[in-house]
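Please read the structure below before turning to the comments.
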Amino acid sequence: MATSGQALCSSLRGPLVADRERARSCALDWMLVTPQELAAALARILSELVAERGAELIVTEQDTAVERPKNREHGDWASNAAMKFAKRLGVNPRELAQQIAERAERIDGVARAEVAGPGFINVTLDAASAGETARRVVEAGESYGRGDALRGQKINLEFVSANPTGPLHLGHTRWAALGDSTARVLRAAGAEVTSEYYINDAGSQMNKFGRSVLAAALGEDAPEDAYPGAYIQTLGERVREQIPELAELAASDRDAALAQAQELAYQLQLAEIKDSLERFNVHFDVFFSERTLHTPGEQGEPSPIAAAVDRLREQGHVFEADDAIWVRTTDFGDDKDRVFTRGNGVYTYFAADAAYYLSKKDRGFGEKIYLLGADHHGYIGRLTAIAGAAGDDTETDITVLIGQLVNLNGARLSKRAGNIVELDDLLEWLGSDALRYWLARYPADSPLSLDGEKLRSRSNDNPVFYVQYAHARTCAVDRNAAQAGVDRSSFAPELLTHETETELLGKLQQYPGVVAGAAELREPHRIARFLEELAAAYHRWYDNCRVLPLAGEEIGDLHRTRLWLNDAAGQVLRNGLDLLGVSAPERL
RNA sequence: GCCUCCGUAGCUCAGUGGAUAGAGCAACGGCCUUCUAAUCCGUCGGUCGCAGGUUCGAAUCCUGCCGGGGGCACCA
């Protein structure tokens, strides 16, 4: 929550508490009707009707969930529960809707409940009931929108996991942005989340990396299969500086020199990656080294990989054929069995994956989420199979999310084509906020292209500015209000009757549901889309409803109440941007 | 060939079985002596790839086809 903390409008701090007390004492305690509460009330009503008919049906709040109708004439909230239940109760949907509506109209805070179309129940709230939301939001502050839909779930979320043999590039940025935002959203819904980066620091790629850097450090020609890129030269120079005796050592013991150069280069590169991620406001709880999976215990215990193979063998999933050791992943839906140990006795990458999975399981995680690019699509089957072989539920204990790759200005990113753009370059060019927002704005499975010119533009082409501007506006209003003497000493929610106020309040009420939905679906882009709608509603309200009195006008309850609404809008914009890892500046 | 994702306005894309399918951009036209015009308002713009099916109701679910991306290693 660091982002939103620092972004708090300054004048919101001191006087607010006193204002709150005053407002509380002079305002009536209105029945608040949030969509959640309305759904619960409708569920009670429908349950009564079901019972009166002697039917045995269980009605949950899910069944009577209300949604914001697209058409303003359809009220504030609409439910299709009558249509869903009519058949099961053997009644006409409109008739059932009518009975629900009659009782719903008696709920405190409901102004009207009408039946429309094939059986919709359209509910309109009292202005005061809706307006009460503004105060609730301000009082909840940073916690508004947080919920417990996922409470009790211990989730491991792995993403990025780029090889530490080079800088992060565009190909990794989408998962960095999406993964970090997903972690924040899951936490906001009450889940206990560990975000994790798997470091592929074992195997032939590391050796290749080591040889490349050593050659650079010694000023030799690059080896045949060396990593390309200027960063290898830079790493070589740093290695040479930090190991002055490297050339001497290489002459006498090439392998020892390689080992030292490789290890140092690895540490330097990993530190760079961590720095880049930090600048991108992406946080990992755990950096998990693949190497530790290959390392035997100090008392000579088998390595985690060996132990994992043994465990799966005991479960009867391992067999030998063609000089290799296999795991029968086809028992769990994979399209072919996989090799654990090659003919030459070396573990495959997949064996490490299996050991890593078991590590996550042993560390107590229920759901393990993998965020992978579409180029790893082939991994779904085998990862899922390992979960099954480990005795986990392949439906609930593992989730492999596959996302589409990113284009840059329409040009497909390709290592071979050499048009790699490093994350650091992108950050310098576009800034973290614009980049993160843009990457988090689309569903993972939707193709996405990064248009540099658009992201640099400070216009509506670039939705992050639209949202940030709305937030900055709430802060400007707040500052001006303080100057003009508009305070929060009264709160009269029944005065918030303008069309744009109803709309804005509706958006504020939707936010907790949006967070919960984004968490359950693992779709942080829903937060971004919501923020754009909220910002639009705020801008329209700002355009129509003044917080500050005009010249010669006296300050009244309406101005003060609107100040609460302004604060509430700013708070929700801040909370939402924080879930995306985007800052909420007080001025633009 | 098999698996998977995508196909929605001129462009980029939203849309968790609901009402007349939305937003931004582009194009055209409006609003600043009033809290930030990076805002707002209006107009134009659609066989939701095609064809069946499921049902009170389908852009959404199922099947088939067409078009595009990606994947199908004893690589890492």
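The values are calculated or read from the model by the stated rules, or taken from the named source; none is laboratory data. On a predicted model such as this, the values are computed, not experimentally measured, just so you know. Heads up, the Cβs are rebuilt from the backbone with ideal geometry, glycines too, and the neighbour counts pull from every protein chain shown. Surface areas here come from the heavy atoms of the whole protein model, side chains and all, with no ligands, DNA or RNA. Shrake-Rupley method; radii C 1.70, N 1.55, O 1.52, S 1.80 Å.
What to note about this one:
- Qualifying residue in segment A:311-333 (condition: open to solvent by less than 30 Å² (accessible area, probe 1.4 Å), under 30 Å from A:Arg211 (Cα atoms) and of a type in the set (Ser, Thr, Tyr)): no
- Selected residue (criterion: nearest to A:Phe284 (Cα to Cα)) from residues of segment A:133-164 that are among the polar types (S, T, N, Q) and open to solvent by 10 Å² or more (accessible area, probe 1.4 Å): A:Ser161
- Segments classed as helices (runs of 4 or more DSSP H), wholly inside segment A:61-147, with at least 3 members that are within 13 Å of RNA strand B (Cβ to nearest atom): A:81-89, A:93-104
- The residue pairs whose first member lies in segment A:78-94 and is farther than 15 Å from A:Val115 by Cα and not assigned by TED's automatic domain parsing to the domain that holds A:Ile121, whose second member is open to solvent by less than 80 Å² (accessible area, probe 1.4 Å) and more than 8 Å from RNA strand B (Cβ to nearest atom), and whose beta carbons are closer than 7 Å, counting only pairs six or more residues apart or on different chains, do not exist in this structure.
- Matching residues in segment A:468-492 - criterion: being within 31 Å of the chain's Cα centre (by Cα) and without any contact (Cβ under 8 Å) to a residue 60 or more places away in the chain: none
- Matching residues, segment A:339-377, being within 14 Å of RNA strand B (Cβ to nearest atom), open to solvent by 30 Å² or more (accessible area, probe 1.4 Å) and not in a strand (DSSP E or B): A:Arg342, A:Gly343, A:Asn344, A:Gly345, A:Val346, A:Tyr349, A:Ala374, A:Asp375, A:His376, A:His377
- Qualifying residue in segment A:500-513 (condition: within 7 Å of RNA strand B (Cβ to nearest atom), part of a helix (DSSP H, G or I) and open to solvent by 10 Å² or more (accessible area, probe 1.4 Å)): yes
- Matching residues, segment A:545-588, being within 14 Å of RNA strand B (Cβ to nearest atom), of a type outside the set (Lys, Arg) and without any contact (Cβ under 8 Å) to a residue 40 or more places away in the chain: A:Leu550, A:Ala551, A:Gly552, A:Glu553, A:Gly556
- A:Asp126, sole failed condition from (1) modelled with pLDDT of 95 or more; (2) open to solvent by 10 Å² or more (accessible area, probe 1.4 Å): (1)
- Taken over segment A:470-499, the criterion of being among the charged types (D, E, K, R) and either over 26 Å from A:Gly75 (Cβ atoms) or open to solvent by less than 30 Å² (accessible area, probe 1.4 Å) (or both) is satisfied by A:Arg473, A:Asp478, A:Arg479, A:Asp487, A:Arg488.
- Test: residue in segment A:293-310 that is surrounded by fewer than 16 Cβ atoms within 10 Å (Cβ to Cβ), free of Cβ contacts under 8 Å to residues at least 40 places away in the same chain and in a helix (DSSP H, G or I): yes
- Within segment A:517-529, being more than 9 Å from RNA strand B (Cβ to nearest atom) and surrounded by fewer than 24 Cβ atoms within 10 Å (Cβ to Cβ) holds for one residue alone: A:Arg522.
- Meets criteria (within 12 Å of RNA strand B (Cβ to nearest atom), part of a loop (DSSP other than H, G, I, E, B) and over 25 Å from A:Phe288 (Cβ atoms)) for A:Asp225: yes
- Residue check for A:Tyr442: near RNA strand B (Cβ under 7 Å from one of its atoms) and among the aromatic types (Phe, Trp, Tyr): yes
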